[in-house]
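Trainee: Before anything else, here's the structure in question.
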Amino acid sequence: MSEKWTTANIPDQHGRVAVVTGANTGLGYETAKALAERGASVILAVRNVEKGEQAAARMTGDVTVQALDLTSLDSVRSAAAALRSRLDRLDLLINNAGVMYTPKQNTRDGFELQFGTNHLGHFALTGLLLDLMLPVPGSRVVTVSSTGHRIRADIHFDDLQWEKSYSRVGAYGQSKLANLMFTYELQRRLATHGTTVALAAHPGVSSTELARNAPAALRLPLTWLAPVIAQDAAMGALPTLRAATDPAALGGQYYGPGGRYEVKGHPRLVISSPESLEVAVQQRLWAASEDLTGVRFPASPEQGHLRTMSTTTPGASR
């Protein structure tokens, strides 16, 4: 594989349909822009429709906007229903949107904000859109994680919503670890289907708005170091784009920057933490996520198809 993979390596995307969450700014914007420039029909799934429209106007190609607030399961369901009404296929679902190091807050459904937005919202969205992807050869679900999945890495099943005590950094690490575990378990369930695959990516250290909520103890060092160690959002988006479009990419793979410590550089295959590879924990998280969101993936990994179904009673095990 090329050591200098860039947007020039993206194959022609005409005829493909992509949904990119959080695409009005930063990594999501650059991801959507590159896909549209290569011919894909791209839908920016964003919380702020006005900002989404402004972002779409700066892009070249077939770009439209869909309202989506990942902090609300009602919004996720409404967005999925709207997308299903306008699409007959989906080639790429890029689960990019996220929040980082936020003060203790809850989503509208009572989930800790980082876990609810970064993991549960995307889990639900994927489940509700997956049957648009299963008939499409070469379709992919790409979920954006972070090197932060290694920091205080654990899935706190005894306190998933951080109600006993709260750590901004720990909660972010849990959500990003969950992104990877979701990807690996989804790929296991998709493996025998033969069409759709699941991959993950991370941007390294990129100059975006994501770290604006960092604690003061981290914000100052990040401000000093950013000009030296960070790469711009266009470079940070390359691992996601490679996972989404490289013909050689395989289900279950994880892409990140190829430089030292995966901080920056052109994208390559990387390895996630040992904790992220624990199958029993992946499966336990999957079951908890179904219970919390009310979105069911009823097929077992051994079955030859994966059917999706949504319920209306989320939060049973919160």
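The values are calculated or read from the model by the stated rules, or taken from the named source; none is laboratory data. All of these numbers come straight from a predicted model, not from anything done at the bench. With ideal geometry, Cβ positions are generated from the backbone for all residues, glycine too; neighbour counts draw on all protein chains shown.
Trainee: Return yes or no: is D291 within 19 Å of the chain's Cα centre (by Cα), farther than 10 Å from A201 by Cβ and of a type outside the set (F, W, Y)? First the steps, then the outcome.
Mentor: Numbers: within 19 Å of the chain's Cα centre (by Cα): no; farther than 10 Å from A201 by Cβ: yes; of a type outside the set (F, W, Y): yes.
No, not satisfied.
Trainee: For segment 248-262, how many residues are over 18 Å from the mean Cα position of the chain (by Cα) and surrounded by fewer than 18 Cβ atoms within 10 Å (Cβ to Cβ)?
Mentor: If we filter segment 248-262 for residues that are over 18 Å from the mean Cα position of the chain (by Cα), which is where we start, we get 248, 258-262.
Now drop any that are not surrounded by fewer than 18 Cβ atoms within 10 Å (Cβ to Cβ), which leaves 248, 259-261.
Going through segment 248-262 one residue at a time, the tally reaches 4.
Residue-by-condition table, conditions (1) among the acidic types (D, E); (2) crowded, with 17+ Cβ neighbours inside 10 Å; (3) out of contact with any Leu (no Cβ under 8 Å at 6 or more places or on another chain); (4) under 25 Å from P137 (Cβ atoms):
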| site | (1), (2), (3), (4) |
| --- | --- |
| W5 | no, yes, no, yes |
| A8 | no, no, yes, yes |
| T21 | no, yes, no, yes |
| G26 | no, yes, no, no |
| A32 | no, yes, no, yes |
| S41 | no, yes, yes, yes |
| E50 | yes, no, yes, no |
| L92 | no, yes, no, yes |
| N96 | no, yes, no, yes |
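Trainee: Continuing with this model, one more query. Restricting attention to helices (runs of 4 or more DSSP H) lying wholly within segment 1-98, give those where 2 or more residues are at pLDDT 95 or above and in contact with a helix residue (DSSP H, G or I) (Cβ under 7 Å, 6 or more places away or on another chain).
Mentor: So the answer is 26-37, 73-86.
Trainee: Here's something else I'd like to know. What are the residues in segment 149-168 that are at negative phi and either buried (at least 20 other Cβ atoms within 10 Å of the Cβ) or aliphatic (A, V, I, L, M) (or both), if any?
Mentor: Hits for segment 149-168 are H149, I151, A153, I155, L160.
Trainee: On the basis of being more than 30 Å from Y166 (Cβ to Cβ), surrounded by fewer than 22 Cβ atoms within 10 Å (Cβ to Cβ), of a type outside the set (D, E, K, R) and touching a residue at least 12 places away in the same chain (Cβ under 8 Å), does T60 make the cut? Break it down stepwise before answering.
Mentor: Values: more than 30 Å from Y166 (Cβ to Cβ): yes; surrounded by fewer than 22 Cβ atoms within 10 Å (Cβ to Cβ): yes; of a type outside the set (D, E, K, R): yes; touching a residue at least 12 places away in the same chain (Cβ under 8 Å): yes.
Yes, satisfied.
Trainee: While we're here: Considering only residues that are among the hydrophobic types (A, V, I, L, M, F, W, C) and in a loop (DSSP other than H, G, I, E, B), look in segment 153-177 and name the one that is modelled with the lowest pLDDT.
Mentor: A153
Trainee: Against the conditions (1) out of contact with any Gly (no Cβ under 6 Å at 6 or more places or on another chain); (2) at pLDDT below 90; (3) charged (D, E, K, R); (4) closer than 28 Å to D12 by Cα, where does R219 fall short? Just the number, please.
Mentor: Going through the list (1) out of contact with any Gly (no Cβ under 6 Å at 6 or more places or on another chain); (2) at pLDDT below 90; (3) charged (D, E, K, R); (4) closer than 28 Å to D12 by Cα, R219 breaks only (4).
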